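Input: a single structure, listed below in structure tokens.
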Amino acid sequence: QVRLVESGGGLVQAGGSLRLSCAASGRTISDYAMGWFRQPPGYEREFVAVINWSGHSTYVIDPVKGRFTISRDDAKNTAYLQMNNLKPDDTAVYYCASGRIFGRAEREYDYWGEGTQVTVSS
């Protein structure tokens with residue numbers, strides 16, 4: 001059974017940093033792309049970042065470019081999202097997901113975590 005568990009969320013002031021972790025079990029993440037999505041309060045879930053199976057290719061959306069970095073540690077079977085210079089607009093529930101394609105659409109991911117709350121105060 002594949003399970004993804006996010007951690008590292010919390011309350012932080014604007015300008016602060018958090019590092020989200022996504023620990024996987026039941027699946028070796030080095031064979032898959034890992035993505036991060038977020039759902040701000042009152043909005044649909046949106047794609048944030050993806051890293052491919054080898055870790056050599058990454059993509060982040062423009063609003064977080066230069067502030068967020070996606071990475072992976074295959075030895076720990078864990079993906080990360082380093083978030084710096086956080087803004088109140090980054091407030092959301094953040095989800096990690098695992099899929100076979102280096103993609104940005106939810107349908108391209110077959111396993112999801114339950115999410116971790118990130119709240120950025122102004």
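The values are calculated or read from the model by the stated rules, or taken from the named source; none is laboratory data. Quick caveat, the model's predicted, so the values are computed rather than measured. Don't worry about glycine lacking a Cβ; one is built from the backbone with ideal geometry, like all the others, and counts go over all protein chains shown. SASA here: full protein model, heavy atoms, side chains in, ligands and nucleic acids out. Shrake-Rupley method; radii C 1.70, N 1.55, O 1.52, S 1.80 Å.
Plainly put, the range 1-44 has a radius of gyration that is 1.05 times its Kirkwood radius, both from alpha-carbon atoms, as the Rg/Rh ratio. Each residue of the range 45-50 is assigned a 3J(HN,Hα), and the resulting list reads 5, 10, 6, 10, 7, 8 Hz, derived from the Karplus form 6.51 cos²θ - 1.76 cosθ + 1.60 (θ = phi - 60°), x at Gly and Pro. Derived scalar couplings between HN and Hα for the range 19-28 equal 10, 8, 10, 9, 8, 10, 9, x, 8, 8 Hz in order, rounded to whole Hz, by the Karplus curve 6.51 cos²θ - 1.76 cosθ + 1.60 (θ = phi - 60°), x for Gly and Pro. For the chain, relative contact order (Cα pairs under 8 Å, six or more residues apart, normalised by length) works out to 36 percent. Here the range 56-100 is scanned for amide nitrogen atoms under 18 Å from the site 7 Å beyond the Cα of Gln13 along Cα-to-Cβ, giving 84-91. With a 1.4 Å probe and all protein chains left in place, how much of the accessible area of the chain comes from carbon and sulfur atoms, in whole percent? Solvent-exposed carbon and sulfur of the chain make up 45 percent of the total. The DSSP beta bridges internal to the chain are antiparallel in roughly 90% of cases. Close amide H partners of Gly10, meaning residues 5 or more places away or on another chain with modelled amide H under 5 Å apart, are Val118, Thr119. Rounded to the nearest Hz, the phi-derived 3J(HN,Hα) couplings of the range 79-92 under the Karplus curve 6.51 cos²θ - 1.76 cosθ + 1.60 (θ = phi - 60°) are 10, 9, 9, 7, 10, 10, 6, 5, 10, x, 5, 7, 4, 4, where x marks glycine and proline. According to the calculation over all Cα-Cα pairs in the chain, the P(r) per 10 Å bin from zero is 15, 51, 29, 5, 0 %. Under a 5 Å amide H cut-off, with hydrogens placed 1.01 Å from N, Asp110 pairs with Ser98, Gly99, Arg100 among residues at least 5 apart or on other chains. For a label point 7 Å from the Cα of Asn52 along Cα→C-beta, name the residues of the range 11-40 whose backbone N is under 18 Å from it. Residues passing the 18 Å test: 29-36. Solvent-accessible area per residue in the range 1-95 equals 50 Å², computed with a 1.4 angstrom probe and all protein chains kept.
The coefficient of translational diffusion for the range 52-105, derived via Stokes-Einstein from the alpha carbon Kirkwood radius under 37 °C and 0.692 mPa s, stands at 261 µm²/s. When you count the other C-beta atoms within 10 angstrom of each residue and take the mean per peptide, 104-113, 54-63 line up highest first as 104-113, 54-63.
Please work out whether the range 23-66 counts as rounded, prolate or oblate from its C-alpha gyration tensor, where a ≥ b ≥ c are the square roots of the eigenvalues and a/c under 1.5 means rounded, while otherwise a/b larger than b/c means prolate and anything else oblate? Here the range 23-66 falls in the oblate category.
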